[in-house]
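Worksheet: the structure to be examined is printed underneath.
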Amino acid sequence: MDFNAPRLFLDQPLAEGALCRLDRDRTSYLANVLRLKAGDDVLVFNGRDGEWLSRIEPDGRRTLALRLIRQLRAQEGGPDILYLFAPLKRARLDYMVQKATELGVATLQPVMTERTNAERVNLERMRANVVEAAEQCGILRIPAVLEPLKLPMALAALPAGQPLVFCDEAADLADPVAALAGLASGPVAVLIGPEGGFSATERAMLLSRADTIRLSLGPRIMRADTAAVAALALVNAVAGDWRAPR
């Protein structure tokens, strides 16, 4: 993987010899921000067809195109993690979405709780942050960004038997790896609540679910964006793609 090469997400089919025409925004990014020109190479991916070497070609007076030369990496997957979270205010939500992408989640599900502070969720901004994180970190899989759901609906949408890792500040302090020991590699959901925590009603709803795993993140109270990184790292280490093959 060449982290010094310019890398671009394109929501177009990718195949050898194909010509991918760029709109003015993408043209401006390559020409004016990255200072690239016709004949320069760019790595491209679409989240489905792997990563490709492409070469810039002129495409009219004001736009550029990319000619696909060859595939460099086949499409890769990742851990089947559904990340449920109470939306945060603008900059911290940006950070959390980027870090969740870097940590390999498959799906981002905003969840509206009784104490959620953000009144609305800008899904297009979330998707832009997902793409930016993937472009910068060499990631090939693009997490899906779902429409917000209220907590009861989000829980009802989980398949029967799917583990739900509930980051609970009221859980007894214990070895978090041991708490996750029952997780097998496979679909898992991870839930991070709002800054004010879950209400008593919401906690009762979560704890009544048969496949809920309460997880303590240690003796210190973390901000929600920090808790997201900690929880997703633990899940990846125990049941995701960080652990060594057995």
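Before moving on, here are some points about what is shown:
- The long axis of helix 224-239 is offset from the longest Cα principal axis of the chain by roughly 90 degrees.
- Counted over all Cα-Cα pairs of the range 82-203, pairs farther apart than 24 Å make up 29 percent.
- Across the range 3-118, counting alpha-carbon atoms alone, Rg and Dmax equal 17.7, 54 Å.
- Cα-only radius of gyration and Dmax that characterise the chain, units Å: 20.4, 65
- List Ile192, Ile69, ordered by accessible area with a 1.4 Å probe, largest first: Ile69, Ile192
- Measuring only protein heavy atoms, the 1.4 Å probe finds Arg209 accessible over about 40 Å².
- Probe 1.4 Å, all protein chains present, accessible-area order of Met153, Met205, Met96, largest first: Met153, Met205, Met96
- The candidates Ile56, Ile213, arranged from most to least accessible area with a 1.4 Å probe in the full protein assembly, appear as Ile213, Ile56.
- The heavy atoms of Glu169 offer some 110 square angstrom of accessible surface to a 1.4 angstrom probe.
- Rounded percent of accessible protein surface that carbon and sulfur make up, the chain, 1.4 Å probe: 51 percent
- Cross-link reach list, aspartates and glutamates versus Lys89, counting only Cα pairs under 16 Å and skipping chain neighbours closer than eight places: Glu114, Glu119, Glu124, Glu195, Asp225
- Solvent-accessible area per residue for the chain (1.4 angstrom probe, square angstrom): 51 Å²
- Applying 1/(1 + (r/R0)^6) with r as the Cβ-Cβ distance of Leu19 and Met153 and R0 = 45 angstrom yields a FRET efficiency of 0.55.
The values are calculated or read from the model by the stated rules, or taken from the named source; none is laboratory data. All values derive from a computational prediction rather than experimental measurement. Neighbour counts run over all protein chains shown; Cβ positions are idealised from the backbone, glycine included. The protein model used for the area step is the full one, side chains on, heavy atoms only, and it has no ligands, DNA or RNA in it. Shrake-Rupley method; radii C 1.70, N 1.55, O 1.52, S 1.80 Å.
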